[in-house]
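K.L.:
Sharing a structure, written as structure tokens. Questions coming.
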Amino acid sequence: MNQRKTLQVNEKGHLQIGGADTLQLAKEFGTPLYVMDEQYIRDMCRVYRDAIEREYDGNGLVLYASKAFSCLAIYKIAAQEQVGVDVVSGGELYTALRAGFPAERIYMHGNNKQRSELVYAVESGVGTIVVDALSEIDMLDELCGERGRVQDVLIRVNPGVEAHTHHFIQTAKTDSKFGFSIADGTAEQTALYAAGKKNLRLAGYHCHIGSQIFEKQSFTLAVDKMLAFIAAMQEKHGLQTDVLNLGGGYGIWYTDEDAKISCEGYADYLRAVIAELKEKADAYGVKRPYLVIEPGRSIVGEAGITLYTVGAIKEIPGVKKYIAVDGGMFESPRYALYQAKYTPVLANRANEPAAETVTIAGKCCESGDIICANVRLPKAESGDLLAVLSTGAYNYSMASNYNRNLIPPVVLVKDGKADYIVKPQSYEDLVRNDVVPERLQ
Ligand code: LLP
């Protein structure tokens, strides 16, 4: 299991999270239920913040990439932990601002930001907008001009490093909907274009090379490419910038196929990145940039689990045993989308050894509605409590009401105490925005 104190098995043999017995949580809040360990989230914010403090004299900022998990409470925690946040839509921005998050520490992303989103961001005083389209530069310049504001922007750059989990490749590939490629010259042109705009201040550059990455070298290679680009812009065009935002992407443990990274381990990633940054900045003769990173998954992923009640069990002799639970792809879409793997634990008999291989299915009307395929579990029975681990990132945030299932609530636990941070939906919520026109009455 996970290397922190987040998850433990108590004397009753029940799985505990953040000091709370999962059976008690299920009894109090029902299932399916997302549970998040507050301390884990805070610890991870501190790990990154401290590493920048220690290794880089605090010359940088950690942004929590809130697409991983967004609700009012998470922005409160981020604010208390003195990190910034990145948002990617008007909705995330609204949620952050509603939580009282300081606008100047918000970075806004998006490859196709809507005019209304840009107006909202500018009028709210969002610190930095990461621009990702020429039309966006024009639109932003114009609406800043109308409002008498000068907006800090970064250009999203595609550095030609593609990383996937345990591999990375160096590529001159320009086919991505994100960013302007260094290789084909569009990053250079776009930076010059933005720098020429009266109402924009080109603060620097951004890149994000992928997600769930374990390979340190893919991050250091991105540093190298970005610094070479910064140096070229300086030498060729006299264009000096301050900020280098390297995005997120640090991998987490989902199953034993993944490394278990300790707090120290995550600090090591930053140490390697910062060492490369210093070395290359000095070598290329550019000022050491203000470093921004945007981890999402690694801050909230292992903080979360999902609790389910085991329902129907179907054994197809010689083929497979299905254990169906009261959730499914509406709250756990990552298997259906990416064949993502997770580790299940029978939470009420957490010490029992695995006895069989099963597939955990959801309750949606779709064969692909699987939560974990071919996993080892003790012999489960209807009514057992099942926990799926490492579900804190990109589960709740990607949940839907498919089949008109209700999106489960989220509780936050700290020192054994649990509180809702997202309340349960009701059937009434499902029809709230439905309208029956007169002619159908
Ligand atoms: N910054 C940018 C610009 C990003 O696009 C992302 C993630 C992050 C930061 C945060 O990356 P992280 O540290 O969380 O890896 N839905 C997918 C993940 C999509 C990630 C998209 N961008 C999943 O469930 O695996």
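K.L.:
Being more than 16 Å from the ligand (Cβ to nearest atom) and in contact with a Ser or Thr (Cβ under 7 Å, 6 or more places away or on another chain) is the filter here, so list the residues in segment 384-404 that pass it.
P.N.:
Scanning segment 384-404 gives LEU385, ALA387.
K.L.:
Just name the residue that is farthest from GLU294 (Cα to Cα) out of those in segment 206-246 that are within 11 Å of the ligand (Cβ to nearest atom) and in contact (Cβ under 8 Å) with a residue 60 or more places away in the chain.
P.N.:
Checking each candidate, the answer is GLN212.
Table: residues versus (1) open to solvent by less than 50 Å² (accessible area, probe 1.4 Å); (2) assigned to a loop (DSSP other than H, G, I, E, B); (3) more than 18 Å from SER390 (Cβ to Cβ); (4) without any contact (Cβ under 8 Å) to a residue 60 or more places away in the chain.
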| position | (1), (2), (3), (4) |
| --- | --- |
| LEU25 | yes, no, no, no |
| ALA79 | yes, no, yes, yes |
| GLN82 | no, yes, yes, yes |
| GLY91 | yes, no, yes, yes |
| TYR94 | no, no, yes, yes |
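K.L.:
How about segment 128-176: which strands (runs of 3 or more DSSP E) wholly inside it have at least 1 residues that are within 24 Å of the chain's Cα centre (by Cα) and at pLDDT 95 or above? Before you say what the answer is, go through the steps one by one.
P.N.:
Details: elements: 128-131, 151-158, 161-164, 167-170.
Because the criterion is at least 1 residues that are within 24 Å of the chain's Cα centre (by Cα) and at pLDDT 95 or above, the strands (runs of 3 or more DSSP E) in segment 128-176 that meet it are 128-131, 151-158.
K.L.:
When you scan segment 177-191, how many residues do you find that are loosely packed, with under 15 Cβ neighbours inside 10 Å, modelled with pLDDT of 95 or more and either basic (Lys, Arg) or in a helix (DSSP H, G or I) (or both)?
P.N.:
Here the count works out to 1.
K.L.:
Check segment 413-434 and report whether any residue there is away from the ligand (no atom under 16 Å from the Cβ), among the hydroxyl-bearing types (Ser, Thr, Tyr) and either closer than 24 Å to GLN24 by Cβ or in contact with a Gly (Cβ under 6 Å, 6 or more places away or on another chain) (or both).
P.N.:
Going through segment 413-434, the residues away from the ligand (no atom under 16 Å from the Cβ) turn out to be 413-434.
With the extra rule that they be among the hydroxyl-bearing types (Ser, Thr, Tyr), the set shrinks to 420, 426-427.
This time we only want the ones that are either closer than 24 Å to GLN24 by Cβ or in contact with a Gly (Cβ under 6 Å, 6 or more places away or on another chain) (or both), so: 420, 426.
For segment 413-434, residues away from the ligand (no atom under 16 Å from the Cβ), among the hydroxyl-bearing types (Ser, Thr, Tyr) and either closer than 24 Å to GLN24 by Cβ or in contact with a Gly (Cβ under 6 Å, 6 or more places away or on another chain) (or both): present.
K.L.:
Taking the condition away from the ligand (no atom under 16 Å from the Cβ) and open to solvent by 10 Å² or more (accessible area, probe 1.4 Å), does ALA133 pass?
P.N.:
On the way: away from the ligand (no atom under 16 Å from the Cβ): no; open to solvent by 10 Å² or more (accessible area, probe 1.4 Å): yes.
For ALA133, the condition - away from the ligand (no atom under 16 Å from the Cβ) and open to solvent by 10 Å² or more (accessible area, probe 1.4 Å) - is not met.
K.L.:
Restrict the check to segment 52-73 and report whether at least one residue is free of Cβ contacts under 8 Å to residues at least 60 places away in the same chain and within 18 Å of ALA303 (Cα to Cα).
P.N.:
No: zero hits.
K.L.:
Something else: How about segment 38-52: which of its residues are farther than 16 Å from SER390 by Cα and either open to solvent by less than 10 Å² (accessible area, probe 1.4 Å) or modelled with pLDDT under 95 (or both)?
P.N.:
Scanning segment 38-52 gives CYS45, TYR48, ALA51, ILE52.
K.L.:
Can you name the residue in segment 313-346 that is open to solvent by 70 Å² or more (accessible area, probe 1.4 Å) and under 17 Å from LYS363 (Cβ atoms) and is also nearest to the ligand (Cβ to nearest atom) among such residues?
P.N.:
The selected residue is TYR322.
K.L.:
Let me ask something else about it. If ASP224 satisfies every condition in (1) modelled with pLDDT under 95; (2) under 29 Å from LYS260 (Cβ atoms); (3) open to solvent by 30 Å² or more (accessible area, probe 1.4 Å) but one, which is the exception?
P.N.:
Only one criterion is unmet by ASP224, namely (1).
K.L.:
Okay, moving on. Go through (1) open to solvent by 30 Å² or more (accessible area, probe 1.4 Å); (2) aliphatic (A, V, I, L, M); (3) away from the ligand (no atom under 16 Å from the Cβ) one by one and return the number of the condition VAL35 breaks.
P.N.:
(1)
K.L.:
On the given criteria, is ARG288 away from the ligand (no atom under 14 Å from the Cβ), under 21 Å from LEU15 (Cβ atoms) and crowded, with 17+ Cβ neighbours inside 10 Å?
P.N.:
No, not satisfied.
The values are calculated or read from the model by the stated rules, or taken from the named source; none is laboratory data. Computed from a predicted structure; not experimentally measured. Positions of Cβ are backbone-derived with ideal geometry, glycine not excepted, and every protein chain shown enters the neighbour counts. All accessible areas refer to the heavy atoms of the entire protein, side chains included, with ligands and DNA or RNA removed. Shrake-Rupley method; radii C 1.70, N 1.55, O 1.52, S 1.80 Å.
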